[in-house]
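Throughout, read-outs are computed from the coordinates displayed, never taken from laboratory work. It should be emphasised that the depicted structure is a prediction, and the values quoted were computed from it without experimental measurement. Positions of Cβ are generated from backbone atoms using ideal geometry, with glycine treated the same way; all protein chains shown enter the neighbour counts.
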């Protein structure tokens, strides 16, 4: 088998017994170990246990005779990836190792995406001592230990997922999975499969069984971001899950029970959507058992110094507590900006400044070109009672489009919002103009 595995392109280390295998694990990192259940020194179960202790990411495949099949199944409960009965066919081993490689690739992608999201979403915790943020923290502390469904409201980029994570971390489900999905980020024909899973052959392209996010989050928390974007056809199915705790995979006749706490978030006015017939009223009442409203960044400008430093620390982890991070003029510019993209936009600005500055403190010339004393005065004049919040947003969007010469992708990046959100806001404005 050693020769055959090398012929497949694998690097192979051969160990004559369990003790030698453990010694090898202490020195090197392995993607997968093939263990026999009956070995001198340490048996296969003991080697698997030691491997999980030394290298949790290493997968274990058990080789067993038919007489010890029950023991092999027991090994799966102890963390083995799979088992093969001896004598095993080379094609079976090759297919199994390919599955191990696919799992490791998915795990690495998941970790990379998780790191990237953590970087884009802003500080890893709710930063700020303003009255608005203190109120949010008190609400989280009150509702987190319960099983209530929570609706988090706030503008795009205010940190709604951070609130959902805080609710999960302070709940009795903290040790269970936290799973997040953006309901507006997937095509309508894929959302049902993503949420509930599907059976092989349920539709064109369903070449294998798929576990949905409700099952992945079983025992934990499922965060449905931008719930207002959920298609009307799926709102009834979500309501049924919330009321019964049962999901039905696409193409499956029998339901599956799940125990999941739901936290939803939206930047849209759900009540207006109900009046317009775009959102079910019964679902709105079901997801809005408890509501938490996140203030926009322009409503808590006193938090900007703390937020800016926390964001800068992610770009410059070597910062010391005594370091001057921003000049007074820079901070005045930051606190004078209207921040239509909220904390997400601030994160982009700080990253831009950190690249240019290379070392503290951040000076006005390190900020994007839209930050200067003239623009500061223009920004301050925007805060007039004559303008509504929607008008302020559209003013910022049109000014950004003008600066970017109509390039919507660059304007969305500058504002710290997604391209889809930018298009939605422009479409909403066009619809209002038509009805006016």
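Computed over the chain, relative contact order equals 13 percent, with contacts defined as Cα pairs under 8 Å that lie 6+ residues apart. Measuring between their Cα centroids, segment 1-46 and segment 128-185 lie 45 Å from each other.
Within the listed set 125, 200, 89, the Gaussian network model of the chain (springs between alpha-carbon atoms below 10 Å) gives the highest mean-square fluctuation for 89.
Would the chain count as rounded, prolate or oblate if I go by the C-alpha gyration tensor, calling it rounded below 1.5 in a/c and otherwise prolate when a/b exceeds b/c, oblate otherwise? It is prolate, given that a/c is not under 1.5 and a/b is the larger ratio.
Here the gap between residue 269 and residue 24, fully extended at 0.36 nm per residue and compared with their Cα-Cα distance, gives a gain of 82.3 nm. When peptides 144-153, 247-256 are ranked by their average number of other Cβ atoms within 10 Å per residue, the highest-first order is 144-153, 247-256. Taking every DSSP beta bridge that has both ends in segment 192-282, the antiparallel portion is near 45%.
Taking a ≥ b ≥ c as the square roots of the Cα gyration tensor eigenvalues, with a/c under 1.5 meaning rounded and otherwise prolate when a/b beats b/c, else oblate, which class fits segment 1-60? It is oblate, given that a/c is not under 1.5 and a/b is not larger than b/c.
For the Cα trace of segment 131-295, dividing Rg by the Kirkwood Rh returns an Rg/Rh value of 0.97. To the nearest ten degrees, helix 304-315 and the longest principal axis of the Cα atoms of the chain are 40 degrees apart.
Pairs of alpha-carbon atoms within less than 8 angstrom and 6+ residues apart define the contacts here; what relative contact order does segment 211-293 have, in percent?
On the way: 87 pairs, mean separation 31.5, N = 83.
Value for segment 211-293: 38 percent.
Distance between the 7 Å Cα→Cβ label points at residue 246 and residue 430: 4.4 nm.
Model label points for residue 12 and residue 138, set 7 angstrom from Cα along the Cα-to-Cβ axis, are 6.8 nm apart. Compared with the rule-of-thumb size 2.2 N^0.38 Å for a compact globular protein, segment 2-115 has a Cα radius of gyration ratio of 1.06.
If R0 is 56 Å, what FRET efficiency do you get for residue 278 and residue 98 from their C-beta distance, rounded to 0.05? Display every interim value, and only then the final one.
Working: r = 45 Å, r/R0 = 0.81.
Working from the Cβ atoms, E equals 0.80.
Adding -39500 (n - 2.57) for every DSSP H run of four residues or longer, then dividing by how many residues the chain holds, sets the calculated 222 nm ellipticity at -15000 deg cm²/dmol. Each DSSP beta bridge with both residues in the chain is either parallel or antiparallel, and the antiparallel ones are about 10%. Label positions at residue 57 and residue 391, each projected 7 Å from the Cα along the C-beta direction, are separated by 5.4 nm.
For the chain, the longest principal axis of the C-alpha atoms and the axis of helix 44-54 are separated by about 30°.
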